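Undergrad: Can you keep this structure in mind? I'll have questions shortly.
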Amino acid sequence: MVIIEAENNILSLKTQLLVNYVFTDQVSSLSLSEITTDFDPIIREIVETREFTAKEGSICVIHNTVGSSIKRVLLLGMGDKKNLDPEKTRNLTGKVVIKSKELAINEFVLVPFMEMDKDHLSAIVEGIKLSDYSFNNYKKDEEGTDLNQVRILIGKDLDTNQNAIRNSSVLSDAVIFTRDVSNLPPNDCSPKVLANFSVKLSENKKTKVRVIEKEELESYGFGGILAVGRGSSSSPKLIVIEYSGSTKNDKPFVIVGKAVTFDTGGISIKPSEKMEEMKYDKCGGCNVIGIMKAVSDLNFDTNVIGIIPAVENMPSGNSYRPGDIIRMYNSKTVEVLNTDAEGRIILGDALAFAVKTFAPRAIIDMATLTGAAIIALGSNVAALVGNNKELVTKILECSNQTGEKIWELPLFEDYKEQLKSSNADMKNIGGRGAGAITAAAFLSNFVDDTPWVHLDIAGTAYNQEGTKEKTYNPKGATGFGIRTIIKYIASHNAE
Ligand code: BES
Ligand code: MN
Ligand code: ZN
């Protein structure tokens, strides 16, 4: 795993590759004379001949022919400076990582651009770490050079900048850890495996993990989780991760994530095409494990609780069926009309449990909940539905800063009517229209008036047809949402 450090030794720098961010309006005055004079004549020529104009995303590599301590320089075109934002910095920095692999080098040094703020520094760290990721646990070692070390030249405020680099590295490592779990194949990732990963978090003294097993789920009346999990030979679990960062008795933030380790659809079975993608139906739950890891590794001073209903949705002689009426944890009854609308059923139990047990100050749930969210917004934007304007606004603000695009859908009363059942308190599907919203409307029956936001990450949790390629989201699971939620929780640190 690549280590990122601050470097303040500018004068006797040694590296395989020195990377420079260049904006179109600075290209004509480009000079590295503060670091080395080895490259300036060549740079002048490349700029004069317009071989390099700093066009956004362009790359120019220059080899050293006169000196030896800096072997090469890479000019990274950043386009017009007035269009700069952290998301662009994150994505373009990823290009350097990809190029460094082509060059078969295992380290480089970055010269940050002038007036760089903390958000851009974090974006650089994320761009490096997240684009360096690949899931290769199941392949014999591939040829190629691993990136080991990246240094970022820091001239002033060394301590503050070092801190920002460290925090962003820790957060990126949590995203990478999450991707590794999310990418596991369904034969190696049962609810039990997710519970084991969660239990490891209790190595931190502030974290307690409780795994509620099937027998206990029965005695407490988790009718939803039990119904969905019944068809699988891997038993369902409810995983509860409690992080106590505040010494006061502050109300906690609760983060709930759907973990269906494989979603066949159950008796309402899915078509076989692309069914393998349903191993990613656990991504919401995996994100919660990653968020709890980040919260504890960053030693937050807030109280945060992660809750993961974990099941496998399989067809069998034991499966729940269309027509079944189940009694949920909060005693409400649900008529099952489609066993493939299973995520909302397990989340309903988990949300009701969260409200009753923890009196949260806010609940956020993340779930690969509906194909309808993809129809509505595509595969690059997650759908948000919530019951509290202030919370919704805050989450959207955080999403603007992390580059994880989120768009709000409305929760009008009319949508709740689509779930009316003649046989039970509600049914689990709402008809043809507004599928992402009716799924959220279903969930709203389980949060009472606790401030709540639901994120449907069906389109964004993993790279799929229609996903826009990003350097920092290589193949497979993305960990989408973790950085936004961490930003949100961090904004309440030591307030
Ligand atoms: N896990 C799926 C949703 C999904 C679809 C996630 C595509 C990622 C990519 C969910 O459990 C599901 O099957 N939803 C159904 C609901 C329907 C039966 C009302 C759907 O979206 O088709
Ligand atoms: Mn389903
Ligand atoms: Zn599902």
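Undergrad: Taking the criterion of being in contact with a Ser or Thr (Cβ under 8 Å, 6 or more places away or on another chain), among the β-branched types (V, I, T) and in a helix (DSSP H, G or I), would at least one residue in region 267-290 satisfy it?
TA: Among the residues of region 267-290, at least one is in contact with a Ser or Thr (Cβ under 8 Å, 6 or more places away or on another chain), among the β-branched types (V, I, T) and in a helix (DSSP H, G or I), which makes the answer yes.
Undergrad: So which residues in region 143-183 are touching a Ser or Thr at 6+ places or on another chain (Cβ under 9 Å), assigned to a loop (DSSP other than H, G, I, E, B) and farther than 20 Å from L18 by Cα, if there are any at all?
TA: Hits for region 143-183: nothing passes.
Undergrad: Within the bounds of region 327-350, is there any residue that is β-branched (V, I, T) and in a helix (DSSP H, G or I)?
TA: Within region 327-350, one or more residues are β-branched (V, I, T) and in a helix (DSSP H, G or I).
Undergrad: What's the number of the condition Q26 fails, among (1) farther than 30 Å from E404 by Cα; (2) out of contact with any Leu (no Cβ under 8 Å at 6 or more places or on another chain)?
TA: Here Q26 meets the rest and fails (1).
Residue-by-condition table, conditions (1) in the same structural domain as V334 (by TED's automatic domain parsing); (2) within 16 Å of ligand 3 (Cβ to nearest atom); (3) open to solvent by less than 20 Å² (accessible area, probe 1.4 Å); (4) assigned to a loop (DSSP other than H, G, I, E, B):
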{"position": "F353", "(1), (2), (3), (4)": "yes, no, yes, no"}
{"position": "T357", "(1), (2), (3), (4)": "yes, no, no, no"}
{"position": "I364", "(1), (2), (3), (4)": "yes, no, yes, no"}
{"position": "A373", "(1), (2), (3), (4)": "yes, yes, yes, no"}
{"position": "N380", "(1), (2), (3), (4)": "yes, no, no, yes"}
{"position": "V385", "(1), (2), (3), (4)": "yes, no, yes, no"}
{"position": "L396", "(1), (2), (3), (4)": "yes, no, no, no"}
{"position": "P410", "(1), (2), (3), (4)": "yes, no, no, yes"}
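Undergrad: Right, something else. Considering only region 455-467, state which residues are over 18 Å from V175 (Cα atoms), more than 16 Å from ligand 2 (Cβ to nearest atom) and under 16 Å from the mean Cα position of the chain (by Cα).
TA: Correct list: T467 only.
Undergrad: Kindly indicate the residue of region 335-351 that is closer than 30 Å to H492 by Cβ and under 23 Å from the mean Cα position of the chain (by Cα) and also nearest to ligand 3 (Cβ to nearest atom) among those meeting that condition.
TA: G343
Undergrad: Only one of (1) more than 11 Å from ligand 1 (Cβ to nearest atom); (2) surrounded by fewer than 20 Cβ atoms within 10 Å (Cβ to Cβ); (3) within 27 Å of I225 (Cα to Cα) fails for N338. Which number is that?
TA: So N338 meets the others, but not (1).
Undergrad: So which residues in region 156-193 are among the hydroxyl-bearing types (S, T, Y) and surrounded by 15 or more Cβ atoms within 10 Å (Cβ to Cβ)?
TA: S168, S169, S172, T178, S182, S190
Undergrad: Are there any pairs, at least 6 apart or on different chains, whose C-beta atoms fall under 6 Å, with the first in region 20-35 and without any contact (Cβ under 8 Å) to a residue 40 or more places away in the chain and the second open to solvent by less than 60 Å² (accessible area, probe 1.4 Å) and not in a helix (DSSP H, G or I), and if so, which?
TA: So the pair list comes out as V27/A54.
Undergrad: On to the next question. Restricting attention to region 250-260, does a residue exist that is open to solvent by 20 Å² or more (accessible area, probe 1.4 Å), more than 16 Å from ligand 1 (Cβ to nearest atom), assigned by TED's automatic domain parsing to the domain that holds V336 and over 19 Å from T339 (Cα atoms)?
TA: Yes, region 250-260 contains a residue that is open to solvent by 20 Å² or more (accessible area, probe 1.4 Å), more than 16 Å from ligand 1 (Cβ to nearest atom), assigned by TED's automatic domain parsing to the domain that holds V336 and over 19 Å from T339 (Cα atoms).
Undergrad: Of all residues being out of contact with any strand residue (DSSP E or B) (no Cβ under 9 Å at 6 or more places or on another chain) and small (G, A, S) in region 453-495, which is least open to solvent (accessible area, probe 1.4 Å)? Just the residue, please.
TA: G479
Undergrad: Are any residues in region 291-302 surrounded by fewer than 24 Cβ atoms within 10 Å (Cβ to Cβ) and not charged (D, E, K, R), and if so, which ones?
TA: Selection gives S296, L298, N299, F300, T302.
Undergrad: Pairs under 6 Å by beta carbon, first residue modelled with pLDDT under 95 in region 183-196, partner not in a helix (DSSP H, G or I), six or more apart or different chains?
TA: none
Undergrad: In region 102-126, what residues are part of a helix (DSSP H, G or I) and under 17 Å from R90 (Cβ atoms)?
TA: K118, D119, H120, L121, S122, A123, I124, V125, E126 - these are the residues of region 102-126 that are part of a helix (DSSP H, G or I) and under 17 Å from R90 (Cβ atoms).
Undergrad: Got at least one residue in region 261-283 being within 22 Å of K214 (Cα to Cα), aromatic (F, W, Y) and within 15 Å of ligand 1 (Cβ to nearest atom)?
TA: yes
Here is a yes/no grid of residues against (1) basic (K, R); (2) touching a Phe, Trp or Tyr at 6+ places or on another chain (Cβ under 8 Å); (3) surrounded by fewer than 20 Cβ atoms within 10 Å (Cβ to Cβ):
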{"site": "Q16", "(1), (2), (3)": "no, yes, yes"}
{"site": "M78", "(1), (2), (3)": "no, yes, no"}
{"site": "G94", "(1), (2), (3)": "no, yes, no"}
{"site": "A104", "(1), (2), (3)": "no, no, yes"}
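The values are calculated or read from the model by the stated rules, or taken from the named source; none is laboratory data. What you see is a predicted model, and the numbers here were worked out from it, not measured in a lab. Note: ideal-geometry Cβ built from the backbone for every residue, glycine included; neighbour counts use all protein chains shown. These area figures cover heavy atoms from the full protein model, side chains too; ligands, DNA and RNA do not enter into them. Shrake-Rupley method; radii C 1.70, N 1.55, O 1.52, S 1.80 Å.
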